[in-house]
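K.L.:
After the structure tokens below, expect a handful of questions from me.
The values are calculated or read from the model by the stated rules, or taken from the named source; none is laboratory data. Values in this document were obtained by computation on a predicted structure and should not be read as measured data. FYI the Cβ positions are ideal-geometry reconstructions off the backbone, even for glycines, and counts take in every protein chain you see. Heavy atoms of the whole protein, side chains included, go into the accessibility calculation; ligands, DNA and RNA do not. Shrake-Rupley method; radii C 1.70, N 1.55, O 1.52, S 1.80 Å.
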Amino acid sequence: TLENPKYELIIEAQDMAGLDVGLTGTATATIMIDDKNDHSPKFTKKEFQATVEEGAVGVIVNLTVEDKDDPTTGAWRAAYTIINGNPGQSFEIHTNPQTNEGMLSVVKPLDYEISAFHTLLIKVENEDPLVPDVSYGPSSTATVHITVLDVNEGPVFYPDPMMVTRQENISVGSVLLTVNATDPDSLQHQTIRYSVYKDPAGWLNINPINGTVDTTAVLDRESPFVDNSVYTALFLAIDSGNPPATGTGTLLITLEDVNDNAPFIYPTVAEVCDDAKNLSVVILGASDKDLHPNTDPFKFEIHKQAVPDKVWKISKINNTHALVSLLQNLNKANYNLPIMVTDSGKPPMTNITDLRVQVCSCRNSKVDCNTAGALRFSLPSLLLLSLFSLAC
């Protein structure tokens with residue numbers, strides 16, 4: 001009740017038993033009054049109201065209290081507790097340090113379809129304990145009535161992601177699956193329409209009414225849009241609300257390999273000297289975009305119908321490489337050697353590629369391929385490159 005929490009007293013002392021002929025002296029005594037927590041905090045009203053949209057989080061109401069103790073002390077500062085109505089821990093309350101108000105927040109989004117109303121009982125206490133002869137009364141609790149407002153929520157796909165496995169190269173128009181999305185707004189009785197959101201290769205179509213997904217093009221496991229044999233597409237489910245709400249679902253298509261790619265050889269150009277003692281020409285490697293068992297071991301052959309039998313030879317090194325060599329020296333010129341390589345798929349696939357062999361003049365450590373129209377690569381360098389490819 002004091003405007004200034006202190007007393008200043010002037011004390012006078014008199015000698016000679018206070019006779020008029022005596023002398024006096026004075027002193028000032030300053031007495032500071034320390035506040036104790038002798039007033040409990042009280043809510044300004046017994047009931048508070050709040051509204052919140054479903055799915056929203058944040059502060060929804062500030063609860064006000066009164067306390068007659070010193071605002072600079074723990075006897076005034078309030079601490080709030082939710083003592084009933086919060087089994088799912090969807091609400092939290094914190095003290096505003098400037099105003100001492102209780103800031104009630106939603107920390108877990110509420111669902112209108114589960115519960116449209118919530119009632120919380122909240123208690124307020126001080127940071128410091130009350131003095132023994134003071135207690136917290138009925139005014140130290142308040143009720144908060146919370147109304148949840150319905151919001152149009154987007155449909156939800158189940159399951160998400162959706163997963164199917166199909167062979168690549170299935171016929172156009174093949175049905176992959178029928179997607180399923182449900183509307184959380186069960187009380188609004190809305191309809192759902194489907195559409196394609198992301199289809200990087202343009203392979204898919206979805207029926208807007210029943211959600212059936214079929215193919216509009218040939219699926220290819222070796223496409224650059226496929227990652228580790230999995231193709232990813234996204235679909236939308238749109239409800240009929242005002243405004244409409246949208247949900248997104250993911251489809252993962254695992255593509256099984258079929259033998260639809262012929263192997264290819266590398267390199268396709270080689271050099272050899274016209275007087276070479278070592279008649280090895282080049283080490284060929286083969287590669288295939290398919291997966292096992294539709295790749296190696298590869299079979300290497302020379303297309304015999306196009307070249308003489310007694311000039312060229314091809315020998316297997318391992319499942320993926322072979323050595324091309326000469327059976328005799330050749331004159332300086334360019335030669336096209338058709339190489340057939342066949343994979344191990346069922347049925348197998350074969351590719352014929354021309355290996356361009358440049359026979360060059362090698363004199364005094366100089367390689368001359370000008371007459372043959374050859375590229376400027378030496379045989380040792382090409383063999384070294386081929387061996388490096390083999391090692392890889």
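K.L.:
From the phi angles alone, apply the Karplus equation (6.51, -1.76, 1.60; θ = phi - 60°) to the stretch 198-206 and give each ³J(HN,Hα) in whole Hz, x where the residue is Gly or Pro.
P.N.:
So the Karplus estimates, Gly and Pro as x, are 9, 9, x, 8, x, 9, 10, 9, 10 Hz.
K.L.:
From largest accessible area down, sort Asp133, Asp70, Asp239; use a 1.4 Å probe on the protein chains. Write out the running numbers ahead of the final one.
P.N.:
Values: Asp133 135, Asp70 55, Asp239 10 Å².
Correct descending sequence by accessible area is Asp133, Asp70, Asp239.
K.L.:
For the stretch 228-327, build the charge dipole from Cβ charges (+1 Lys, Arg; -1 Asp, Glu) around the Cα centre, then report which of Gly285, Thr254, Asn242 sits farthest towards its positive end.
P.N.:
Checking the options against the dipole of the stretch 228-327, the answer is Gly285.
K.L.:
Still on this structure: Considering only Tyr7, Pro159, Pro184, whose Cα is most displaced toward the positive end of the charge dipole of the chain, charges sitting on Cβ of Lys, Arg (+1) and Asp, Glu (-1)?
P.N.:
Pro159
K.L.:
Can I ask one more? Mind ranking Lys346, Lys332 by accessible surface for me, highest first, 1.4 Å probe? Mind dumping the intermediate values first?
P.N.:
Working: Lys346 190, Lys332 50 Å².
Output order, biggest surface exposure first: Lys346, Lys332.
K.L.:
State the label only: which of (i) 21.5, 66; (ii) 24.8, 88; (iii) 44.7, 154 corresponds to Rg and Dmax of the Cα atoms in Å computed from the shown model?
P.N.:
(iii)
K.L.:
While we're looking at this one, here's another question. If you fit an axis through the alpha-carbon atoms of helix 379-391 and take the longest principal axis of the Cα set of the chain, what angle between them do you get, 0 to 90°, nearest 10?
P.N.:
Once rounded, one gets 50 degrees.
K.L.:
Once both labels are modelled 7 Å past Cα along the beta-carbon direction, what's the Thr81-Lys36 spacing in nm?
P.N.:
2.3
K.L.:
Which order do Leu19, Leu121 take when ranked by solvent-accessible area (1.4 Å probe, heavy atoms of all protein chains), largest first? It would help to have the intermediate numbers written out before the result.
P.N.:
Numbers: Leu19 105, Leu121 60 Å².
Most to least solvent-accessible, the answer reads Leu19, Leu121.
K.L.:
Out of residues 5 or more away from Ser240 or on other chains, whose amide H comes under 5 Å of its own, with H placed 1.01 Å from N in the peptide plane?
P.N.:
Under 5 Å from the amide H of Ser240: Thr191.
K.L.:
At a Förster radius of 35 Å, what calculated FRET efficiency corresponds to the Cβ-Cβ distance of Ala201 and Val107, to the nearest 0.05?
P.N.:
The calculated FRET efficiency here is 0.25.
K.L.:
If you don't mind, another one. Could you tell me what % of all Cα pairs in the stretch 196-254 have separations over 15 Å?
P.N.:
Numbers: 892 of 1711 pairs.
When all Cα pairs of the stretch 196-254 are counted, 52 percent exceed 15 Å.
K.L.:
Projecting each Cα onto the charge dipole of the chain (Lys/Arg +1, Asp/Glu -1 at the beta carbon, about the Cα centre), which of Asn210, Tyr112, Thr295 comes out farthest on the positive side?
P.N.:
Positive-most Cα among the choices belongs to Thr295.
K.L.:
Give the long-range amide H neighbours of Met162: residues separated by 5 or more places, or on another chain, with amide H under 5 Å away, using H modelled in the peptide plane at 1.01 Å from N.
P.N.:
Under 5 Å from the amide H of Met162: Thr250, Leu251, Leu252.
K.L.:
Distance cut-off 28 Å, Cα to Cα: go down the list Lys198/Lys289; Lys304/Lys332; Lys310/Lys332; Lys36/Lys123; Lys304/Lys366 and report the pairs above it. Working shown, then result.
P.N.:
Values: Lys198/Lys289 26 Å; Lys304/Lys332 22 Å; Lys310/Lys332 18 Å; Lys36/Lys123 21 Å; Lys304/Lys366 33 Å.
Too far apart for the 28 Å limit: Lys304/Lys366.
K.L.:
Just to be sure I follow: if Rg is taken over the C-alpha atoms of the stretch 61-187 and Rh is the Kirkwood radius over the same atoms, what is Rg/Rh?
P.N.:
Values: Rg = 25.1 Å, Rh = 19.1 Å.
Result for the stretch 61-187 is an Rg/Rh of 1.32.
K.L.:
Sticking with this structure for a sec: Rounded to the nearest 0.05, what FRET efficiency do Gln49 and Ile10 have when you use their Cβ-Cβ distance and R0 = 51 Å?
P.N.:
Details: r = 56 Å, r/R0 = 1.10.
The value I calculate is 0.35.
K.L.:
Kindly report, to the nearest 10 Å², the accessible surface of Ile209 as traced by a 1.4 Å probe over protein heavy atoms only.
P.N.:
Estimated to the nearest 10 Å², Ile209 gives 110 Å².
K.L.:
What length, rounded to one decimal in nm, is gained on full extension from Asp160 through to Val258, with 0.36 nm per residue of separation minus their alpha-carbon distance?
P.N.:
So the chain would gain 32.5 nm between Asp160 and Val258.
K.L.:
Also, I was wondering about something else. With every protein chain in place, what's the accessible area of Phe300 (1.4 Å probe, Å², nearest 10)?
P.N.:
Surface accessible to solvent at Phe300 totals approximately 30 Å².
K.L.:
Name all residues of the stretch 89-118 having a backbone nitrogen under 11 Å from the label point set 7 Å from the Cα of Glu127 along its Cα→Cβ direction, giving them as ranges.
P.N.:
97-98
K.L.:
Each residue of the stretch 26-38 in turn: what ³J(HN,Hα) in whole Hz from Karplus with 6.51, -1.76, 1.60 and θ = phi - 60°, glycine and Pro shown as x?
P.N.:
Computed from phi, the couplings for the stretch 26-38 are 10, 8, 9, 10, 9, 10, 8, 9, 7, 6, 10, 7, 10 Hz.
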